[in-house]
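The values are calculated or read from the model by the stated rules, or taken from the named source; none is laboratory data. None of these values were measured; they are calculated from a predicted model. Because the Cβ atoms are built from the backbone with ideal geometry, glycine has one as well, and the counts that use them run over all protein chains shown. Side chains are part of the model used for accessible areas, which takes the heavy atoms of the whole protein and leaves out ligands, DNA and RNA. Shrake-Rupley method; radii C 1.70, N 1.55, O 1.52, S 1.80 Å.
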Amino acid sequence: MGLFDAKVPRYTSYPTAPQFSSKTTGEDTHKWITAIPPGSRISLYLHIPFCRRLCWFCACRTQGTSSNAPVATYLSTLKREISLIGELLPENVTLSRIHWGGGTPTLLDPEMIADLAHAVADIAPLAENGEFSVEIDPNEIDQTRIDALAAAGMTRASIGVQDFDEEIQTTIGRLQSFDVTQSAAEMLRNAGIVSLNTDILFGLPHQTTEKIAASVQKLLTLSPDRVALYGYAHVPWMARRQSLIPSEALPPPETRLQLFETARQLFEWDGYRQIGIDHFAVPHDPLAVAAQTGQLRRNFQGYTDEPAEVLIGLGASAISRFPQGYTQNNPATSGYTKSIRADELATVRGHRFSSEDLLRARLIEALMCDFEVSIEELTDRFQDRQEHIRGLLNRAARHFGDIVEMTPQAFKILPEGQPLTRIIARYFDAYDMSNAGHASAI
């Protein structure tokens, strides 16, 4: 097996979720929330695990529904969880980021949108210059729902595209025309929601460089502020619906790299700057500014300019991050509902950070965000581990040879090695991955 065939994490966390255990409980969540300093800025993530149809390519925890009855029941529980968290939060906490993800948050009707937004506002206000973003399915949105989101204070929309080629869409179970996508973008902007993110995938079945070039060029006509160019993760052993996608139609790793390079060149030719391994942004976008100034961070939503140390996840399967560790809610909607209705936090697993976790987490985040580790920054932060840090970096430099560079000041991934960043990050991961399913490194 070569480097291109390696299966490695995306490193939106460290340690990664497969390392979580039931040793971390709701008591930890309770203790870590009440330890937040008064007046802090924190982030909230709300998970809506429902879709009108289940796309075959998706590996997210979702469930299909043809009516809003189960959605209404779930929202009642979610609002109760919001209230429980609000009772624990210290005084004067504000929300620097609110993100509604899924699933399909836009299947909520206007009244549900307003109700959920009010429930959040009741526990903490959006901070000055705060951001409220929502994942948008162009097939599941209309003017009334966009108006409700705008009235609720949404500032940024995130539209999933995947690919505009009809054969590819049919194969992955996601039919979404360019016209429908363009219409959704226009309605959002007309409603005053001017910040627009889009997601597009490479490595999809039947995808060629010609097809991805055509899709990227269509996407560029929408003028998104940011684009996430994710590699499709084919993990049918984890997401059974992916078994409907013919594996023989998937491009090999070498072709995946060509697909990424084709899209990357088109984005950069159009003036976008590459952010980390798989994002692009216009130069004035806050994400691009964060990358330029060394403030880029990485969390479960991918790259962010969010400096808050606390991200609280609400809803079934949602993950929270605290300075002390990670916690995750029960992934089963039934189990999650049972806990919250008993006025108990729904935490079922997580991870308490060790000092070694924190060191390696910062090292990996620096590589994923900046392709570079500042030795001074790391040794200043972990002053009792200076010899250990230099030993780790020196061994990695010898292991990866001419795709990295080690100087007295920094460990750098050279441009020719940047497509292998996740593999290099994996070298610094102290945990066993033999039983963890991960996606292709390219």
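Listed values, structure above:
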{"read-out": "Carbon and sulfur %, accessible surface of the range 8-88 computed with the full protein complex present, 1.4 Å", "value": "54"}
{"read-out": "Taking the convex hull of Cα positions in the range 296-442, its mean projected area over all directions (nm²)", "value": "10.3"}
{"read-out": "Under-5 Å amide H pairs with Ser195, H placed in peptide plane, nonlocal only", "value": "Ala157"}
{"read-out": "Computed over the chain: relative contact order in percent, which uses C-alpha pairs under 8 Å that are six or more apart", "value": "21"}
{"read-out": "Cα-based reach from Lys79 at 17 Å (exclusive), listing lysines while leaving out same-chain residues under 8 positions away", "value": "Lys338"}
{"read-out": "Per residue, in Å², the accessible surface of the chain once ligands and nucleic acids are set aside, probe 1.4 Å", "value": "42"}
{"read-out": "For the range 14-21, 3J(HN,Hα) per residue [Karplus equation, 6.51 cos²θ - 1.76 cosθ + 1.60, θ = phi - 60°, Hz, x = Gly/Pro]", "value": "8, x, 7, 4, x, 8, 5, 9"}
{"read-out": "Mean Cβ count within 10 Å, highest first, over the residues of peptides 240-248, 39-47", "value": "39-47, 240-248"}
{"read-out": "Binned Cα-Cα distances of the chain, short to long, each 10 Å bin given as a whole percent", "value": "4, 20, 32, 29, 13, 2, 0"}
{"read-out": "Most fluctuating residue given options Pro415, Pro253, Pro49, as computed from a GNM of the chain linking Cα atoms under 10 Å", "value": "Pro415"}
{"read-out": "Relative frequency of Cα-Cα separations exceeding 13 Å in the range 75-145, percent", "value": "69"}
{"read-out": "Long-range amide H partners of Glu306 with built H, under 5 Å", "value": "Arg297"}
{"read-out": "Sequence-distant residues sharing a close amide H with Arg41 (under 5 Å, placed H)", "value": "Thr94"}
{"read-out": "Fraction of accessible area attributable to carbon and sulfur, the range 368-415 (%, probe 1.4 Å)", "value": "43"}
{"read-out": "Derived scalar couplings ³J(HN,Hα) [the range 112-128; Karplus, 6.51 cos²θ - 1.76 cosθ + 1.60; whole Hz; x for Gly, Pro]", "value": "5, 4, 5, 5, 5, 5, 5, 4, 5, 4, 5, 9, 6, x, 5, 5, 4"}
{"read-out": "Average Cα contact separation per residue, the range 201-354, under 8 Å, 6 or more apart, as relative contact order %", "value": "16"}
{"read-out": "Neighbourhood charge, 13 Å Cβ-Cβ cut-off, centred on Pro419 and excluding it, Lys, Arg +1 and Asp, Glu -1", "value": "-1"}
{"read-out": "Protection proxy ranking of 70-77, 398-405 - average other beta-carbon atoms within 10 Å, highest first", "value": "70-77, 398-405"}
{"read-out": "Shape call, the range 255-319: gyration tensor on alpha carbons, a/c limit 1.5", "value": "oblate"}
{"read-out": "Protein accessible area in the range 226-293, 1.4 Å probe - carbon and sulfur %", "value": "54"}
{"read-out": "Rounded if a/c under 1.5, otherwise prolate or oblate - the range 1-114, Cα gyration tensor axes", "value": "oblate"}
